[in-house]
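Some notes on the structure that comes next.
Where a number appears in this text, it was derived from the coordinates with a stated rule and is not lab data. All figures in this text were calculated on a predicted structure; none of them were measured in a lab. Here Cβ is always computed from backbone atoms with ideal geometry, including for glycine, and neighbour counts include all displayed protein chains.
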């Protein structure tokens with residue numbers, strides 16, 4: 001179901017949280033009555049390799065699926081390799097298949113366990129015979145050469161936007177549907193690998209745009225083909241044309257599949273537009289299998305929240321890998337169990353349904369099997385508390401695909417993603433539940449659940465989007481914004497002033513300063529009272545903290561408090577010259593406004609980006625304090641104690657849950673976790689108005705904790721929290 005159908009009934013009245021009414025909840029369909037894409041909760045994917053028909057044990061997997069209480073499975077079927085006796089010419093059949101139908105055996109076994117069946121295709125690579133018969137179906141480089149596969153030179157990379165997908169793979173889909181009647185076909189690597197200059201793409205793009213295809217640059221001879229200039233009008237037209245062409249392919253495959261089985265769907269593995277994904281999809285696989293390098297563990301939850309912003313409460317399945325996904329592609333090895341647990345916990349806490357993926361049917365390294373089995377059995381036991389109907393967050397973080405695609409051409413605009421990452425991490429450290437908000441969905445209905453919106457340098461905003469944000473503030477909402485937010489229109493044209501200048505109370509002063517070396521933020525108490533503003537909580541003794549690296553110059557248009565002001569850059573060498581030439585200025589680095597029920601905070605500096613890049617704890621405190629000041633209401637959940645904790649809150653049919661994911665680990669910002677480090681925390685939960693708590697449980701540790709209920713607040717202790725705990729409150 002769409003999130004909006006439930007969000008409309010989620011409100012805050014007098015600072016206390018109210019859930020959906022009994023009448024509304026009575027309309028929620030029971031799981032047994034739901035269509036397959038809203039019913040299945042636990043998934044597995046077997047990505048077969050060509051030798052599997054002779055080497056793997058299908059009965060081992062069917063028995064394992066049964067122990068996991070799976071109700072959905074994703075199995076490799078065809079495309080680059082067929083794992084069934086295909087009758088389509090040039091559809092390459094596994095050389096180890098012989099006269100067997102390994103796919104049919106697995107489908108029959110899973111169907112006997114009443115599981116949803118999705119069959120996987122991979123159309124991105126073709127064999128030599130396909131190349132010889134249809135060279136025009138092969139991806140062509142800018143120099144006119146046909147592209148050999150970067151990982152296996154015996155294969156050829158196919159053109160995603162031409163007849164190979166629109167004709168040949170449509171035929172493959174039809175055969176798979178006829179033979180097996182799956183609930184869906186899922187296609188991996190279906191959208192291409194860089195710009196193709198084949199005899200189909202060149203005239204098609206020219207007819208669409210009037211341009212020739214833009215140049216590209218190969219990156220390390222891999223799958224990546226970077227644009228020569230992303231601000232080239234031809235490249236921008238290419239991005240739009242490619243998106244429309246992929247949408248056309250998606251709709252074609254989906255409509256043909258539904259002709260053979262109306263309830264079936266085509267599910268793409270990724271689409272370049274999250275808004276279109278949300279509108280078109282009834283069900284989606286979030287294929288972010290694991291983290292590598294310096295990716296934080298909370299990025300799994302971030303990905304889920306971004307998709308939920310457009311999909312609502314339609315089911316998202318989070319594919320997680322048990323193998324290793326690094327630059328050198330060690331797919332046959334396995335991850336540390338602690339890393340698997342924390343990644344899956346982050347996904348589950350943020351609304352993803354689990355789906356492990358195993359590459360190759362043979363099981364040589366068995367260390368992961370027990371860990372995944374224990375996770376799934378726990379989720380099965382507590383399934384009703386994982387059938388979420390709405391998130392209960394009051395804070396929304398806006399993200400902008402239109403900004404991310406085209407922003408960054410100027411020196412001070414680099415590393416755009418760091419703005420959002422800085423805000424996200426600051427909220428994680430604050431343990432404040434929040435959701436992501438797509439900037440194309442800023443209507444009043446979508447924004448109704450939120451008291452606070454945070455805009456991490458959302459530079460590109462249309463007049464309509466600015467007006468929607470203005471109405472949000474006028475209706476009592478609060479905003480926190482940073483840096484160049486609203487300084488450009490939706491197409492990237494710089495405006496003479498911020499689109500939200502009237503909301504910020506400042507105007508653009510025609511310059512961006514930076515990088516600023518050895519500059520500081522002066523923290524001041526109020527001159528009259530000597531008291532410190534709430535944004536300086538726990539910073540009262542600091543006097544000054546490091547500044548951002550860049551800042552927009554602005555001109556205030558009204559009066560403001562001055563808790564944070566500029567200490568300009570001064571020499572840092574020789575050491576004898578290390579003193580401020582101008583220790584006191586009137587230039588504010590944080591503009592705070594109050595009006596009616598709403599509050600607005602604007603940082604002219606790139607505080608969010610600088611925080612992510614340098615992780616100054618002072619920046620984290622200033623951001624968190626500003627969020628709390630702008631929110632101006634008591635949060636639903638308060639978690640105290642050591643460590644770093646991701647906190648999410650959910651409503652179900654007759655309960656609410658609080659998820660605690662313990663990210664406390666020396667490997668939090670450098671994968672993988674080696675071990676899980678337990679912490680003890682205290683939790684307070686505000687009970688919704690007019691609701692009675694009948695039971696409090698710690699679901700994953702299987703405890704009924706001692707708790708105190710006072711002033712409509714549940715207080716309890718969670719001890720030895722390792723990866724994940726779910727606090728469940730049954731309500732009447």
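Observations on the model:
- Volume per residue of the C-alpha convex hull in segment 44-97, rounded to whole Å³: 79 Å³
- Within segment 70-126, the proportion of Cα pairs with more than 19 Å between them is 31 percent.
- Residue order for 414, 684, fewest other beta carbons within 10 angstrom first, comes to 414, 684.
- The label-point distance for residue 276 and residue 502, in a model that sets each label 7 Å from Cα toward Cβ, rounds to 3.5 nm.
- Of every Cα-Cα pair in segment 353-437, the percent that sits beyond 20 Å: 63 percent
- Seen against the Cα atoms of the chain and their longest principal axis, helix 417-430 is set at about 70 degrees.
- If the segment from residue 715 to residue 55 were pulled out straight at 0.36 nm per residue, it would be longer than the present Cα-Cα gap by 232.1 nm.
- DSSP-defined antiparallel bridges as percent of all bridges, the chain, nearest 5: 60 percent
- All Cα-Cα separations within segment 693-732 were binned at 10 Å from zero, giving a P(r) of 28, 58, 14, 0, each value a whole percent of the pairs.
- Segments 671-677, 388-394 sorted - mean Cβ within 10 Å per residue, highest first: 388-394, 671-677
- Between segment 51-80 and segment 416-443, the alpha-carbon center distance in angstrom: 38 Å
- The convex hull of the Cα atoms of segment 484-566, projected and averaged over all directions, covers 6.7 nm².
- Full extension of the segment from residue 694 to residue 412, taken as 0.36 nm per residue of separation minus the current Cα-Cα distance, would add 96.0 nm.
- If the convex hull is drawn through the Cα atoms of segment 395-631, its volume per residue in Å³: 121 Å³
- Segment 637-731: Rg to Rh, with Rh as the Kirkwood radius over Cα pairs: 1.00
- Segment 267-284 and segment 518-587 have Cα centres separated by 45 Å.
- Dividing the Cα radius of gyration of segment 498-636 by its Kirkwood radius returns 0.96 for Rg/Rh.
- The label-point distance for residue 669 and residue 255, in a model that sets each label 7 Å from Cα toward Cβ, rounds to 5.0 nm.
- Computed helical MRE - 222 nm, the chain, DSSP H runs ≥ 4 contributing -39500 (n - 2.57), nearest 500: -8000 deg cm²/dmol
- Under the simplified labelling scheme, the residue 328-residue 359 pair shows an inter-label distance of 1.4 nm, with each label point 7 Å from Cα along Cα→Cβ.
- Packing-based ranking, highest mean first, of 514-520, 229-235 given that Cβ atoms within 10 Å are counted: 514-520, 229-235
- Cα centroid separation - segment 338-399 against segment 127-178, whole Å: 35 Å
- Rounded to the nearest 10 degrees, the inclination of helix 299-311 to the longest alpha-carbon principal axis of the chain is 80 degrees.
- Sequence of 57, 439, 282, 418 once ranked by neighbouring C-beta atoms within 10 Å, starting from the fewest: 57, 282, 418, 439
- Nearest-ten-degree value, helix 369-381 long axis tilted from longest Cα axis of the chain: 70 degrees
- Mean Cβ count within 10 Å, highest first, over the residues of peptides 423-435, 574-586, 133-145: 423-435, 133-145, 574-586
- P(r) tail fraction, segment 176-324 - alpha-carbon pairs more than 27 Å apart, %: 35 percent
- Using the Cβ-Cβ distance between residue 542 and residue 206 with R0 = 51 Å, the FRET efficiency computed as 1/(1 + (r/R0)^6) comes to roughly 0.25.
- Counting 0.36 nm for each residue step from residue 529 to residue 127 and taking away their Cα separation leaves a gain of 136.9 nm.
- Normalised radius of gyration (Cα atoms, divided by 2.2 N^0.38 Å) for the chain: 1.00.
- Residues listed by number, segment 514-531, amide nitrogen under 17 Å from residue 585 label point at 7 Å toward C-beta: 514-524
- For 63, 497, order by how many other beta-carbon atoms lie within 10 Å, fewest first: 63, 497
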